[in-house]
Amino acid sequence: MSEKKQQVSRRQFLNYTLTGVGGFMAAGMLTPMIRMAVDPVLQPKKSGDLVAVVEVDKLTTEPQRFDWEIDQVDAWYESKVTKTAWVFIQEDDSILALSPICTHLGCTVSWEGNEEYPNQYYCPCHGGRYYKNGVNVPGLPPPAPLAVYDQDVKDGTLYLGKAISRKGA
Ligand code: FES
């Protein structure tokens, strides 16, 4: 059996070496770029998570305002966002947590925000009003009731999630 000695020319050696080094450097540069591009897509979505807001025994039949913070992720940008709800215990002992965002143009409503309209939420922007249960008073700018937060009660604590829109009155 004859052995044929393989010779590597200087040109081939340089080609192999430069290709290997170039590939290694390209992989080193591209890996973090690809990871940055894909990473937000692979992160678990947190928007549907419920957050502890208040102990249930602090709630009354009168709407109270509660604020809490959530982590918001927009692609690569992470920030803290303050959320607000008007929360009270209804006549049937269930808890109602309403979004304060007016369904007309998005201003913030307040419970008894205008002394001329007691027992209603009032929007200062265009005079929109809502009944205690968040249903919009007919004949005014808001086209729909206030959104209701997704909620759960665990170990005496109220957890709130996403605000869910309701159909117009
Ligand atoms: S934004 Fe509330 S009434 Fe227009």
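Within this structure, Gly127 fails the test of being at pLDDT below 95 and not hydrophobic (A, V, I, L, M, F, W, C). Only one of the numbered conditions (1) closer than 30 Å to Arg35 by Cα; (2) touching an Asp or Glu at 6+ places or on another chain (Cβ under 7 Å); (3) not β-branched (Val, Ile, Thr) is not met by Glu69, and that is (2). For Lys132, indicate whether it is more than 16 Å from the ligand (Cβ to nearest atom), in contact with a strand residue (DSSP E or B) (Cβ under 8 Å, 6 or more places away or on another chain), touching a residue at least 60 places away in the same chain (Cβ under 8 Å) and part of a loop (DSSP other than H, G, I, E, B). When the stated conditions are applied, Lys132 passes them. Quick check on His126: is it within 11 Å of the ligand (Cβ to nearest atom) and crowded, with 18+ Cβ neighbours inside 10 Å? Criteria not met by His126.
Within segment 140-169, which residues are polar (S, T, N, Q) and under 14 Å from Ile89 (Cα atoms)?
Of all residues in segment 140-169, those polar (S, T, N, Q) come to 151, 157, 165.
Those that are polar (S, T, N, Q) and under 14 Å from Ile89 (Cα atoms): Gln151, Thr157.
Filter segment 135-155 down to residues that are of a type in the set (A, V, I, L, M, F, W, C) and closer than 14 Å to Cys102 by Cα and give me whichever is nearest to the ligand (Cβ to nearest atom). Among them, the one singled out is Leu140. Tell me yes or no: at least one residue of segment 92-100 is modelled with pLDDT of 95 or more, farther than 19 Å from Lys58 by Cα and of a type in the set (Val, Ile, Thr). The answer is no, given that none of the residues of segment 92-100 is modelled with pLDDT of 95 or more, farther than 19 Å from Lys58 by Cα and of a type in the set (Val, Ile, Thr).
The values are calculated or read from the model by the stated rules, or taken from the named source; none is laboratory data. Bear in mind the structure is a predicted one, so any value in this text is a computation, not a measurement. Cβ atoms come from the backbone with ideal geometry, glycine included; neighbour counts cover every protein chain shown.
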